[in-house]
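J.: Please read through the structure below; I'll follow up with questions.
Every number in this text was worked out from the coordinates using simple rules, so none of it is lab data. Please read all numbers here as calculations on a predicted model, not as lab measurements. Here the Cβ is made from the backbone with ideal geometry for all residues, glycine too, and neighbour counts use every protein chain on show.
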Amino acid sequence: MKSLGISLSGALLPGLGHMLLGLRRRGAVLFVVLTAMFMFGVTLHPDAERGGGFFAKYKKNILHTYQDYQAPFQQTDRGRDLEGPIDTVWRLVFIYLYPFFVGIVNYLVGFFWQSSQYVDALLPYRRGEIPVAVKDIGDCFALLSGLLNLLVMLDAHDLAVNRETLAKMQRGGQAA
Amino acid sequence: MIGIGFTLATLVAACLCIAIVYGLISGQHPSKFGREIAIGFGLMFGGILLLAVVVELLPVLFRSG
């Protein structure tokens, strides 16, 4: 049960599980790399309004209000008519679980960061005039960060279960 | 329109990030992290470039007439 908690702590911040296991430097590097990837991705796909851009890609997200919570289950546009059950599951996973894949703290920081004026200073484009290719590259980075954090969480769980391996790593010895 | 430089830079950055995470969770001795990251990066970046070349070459090789 403790190992599950350590593993799921990665859903708060990437690399937190490794830090809790005593592998501080490793956890710090994982945090920096995954956070940089997510923030870079979000920066490349901002939008004019708050909550837009990357976060509006699938129209609704976990930060939307109570009135919108049923929206993903409803047929709201023509594209949804063509959607099969697997598409629906993936959309729901993306909307409700992705923030935890990427780390909910990172997700919230990214949400407010992408609508800030600092993004305007960084990007050579005006909001709304960013090429689709740049936006897609941003999406790839942000999504990749979430997938890699899943692997990191699994690794933290693996280390928490295998105490012998963990002890070797904490001593700086070879683990595998 | 975005330049090839930007596209390549983002590709290198993505491959490097994946290689670093892979290297760190591979369970290797800390002294072998560098080698692990270099191998991961080389395989990924090389593989993607090779795939791109093959995809570009295929229509030329199998062009009819």
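J.: Helix B:33-61 versus the longest principal axis of chain B: what is the Cα-based angle in degrees, 0 to 90, to the nearest 10?
T.: The answer is roughly 10 degrees.
J.: Among B:38, B:14, B:52, which one shows the highest mean-square fluctuation when chain B is modelled as a Gaussian network with alpha-carbon springs under 10 Å?
T.: Judging by the Gaussian network model, the answer is B:52.
J.: Pop a pseudo-label 7 angstrom from the Cα along the beta-carbon direction at both residue B:4 and residue B:50 and give the gap in nm to one decimal.
T.: Those two pseudo-labels are separated by 2.1 nm.
J.: Give the order of A:90, A:113 when sorted by the count of other beta carbons within 10 angstrom, beginning with the fewest.
T.: A:90, A:113
J.: Right, something else. Can you work out the Karplus-derived ³J(HN,Hα) for every residue in segment A:13-28? Use 6.51 cos²θ - 1.76 cosθ + 1.60 with θ = phi - 60°, whole Hz, and x for glycine or proline.
T.: So the J values, rounded to whole Hz, are 9, x, x, 5, x, 5, 5, 5, 7, x, 8, 5, 5, 4, x, 5.
J.: Tell me, how many Å apart are the Cα centres for segment A:122-140 and for chain B?
T.: 22 Å
J.: Between residue B:43 and residue A:122, what FRET efficiency comes out of the Förster formula 1/(1 + (r/R0)^6) with R0 = 41 Å and r the beta carbon distance, rounded to 0.05?
T.: Details: r = 32 Å, r/R0 = 0.77.
According to the calculation, E is roughly 0.85.
J.: Can you list the residues, at least 5 places off or on another chain, whose amide H is less than 5 Å from the amide H of residue A:12, using H built in the peptide plane?
T.: Residues meeting the criterion, in which the H sits 1.01 Å from N, are A:104.
J.: Normalised by the residues of chain B, what does the relative contact order come to in percent, with Cα pairs under 8 Å and at least six apart?
T.: In percent, rounded to a whole number, it is 30.
J.: Continuing with this model, one more query. What FRET efficiency comes out for residue A:171 versus residue A:25 if R0 is 22 angstrom and r is the Cβ-Cβ distance? Round to the nearest 0.05.
T.: Values: r = 14 Å, r/R0 = 0.63.
Taking R0 as 22 Å, the efficiency between residue A:171 and residue A:25 is 0.95.
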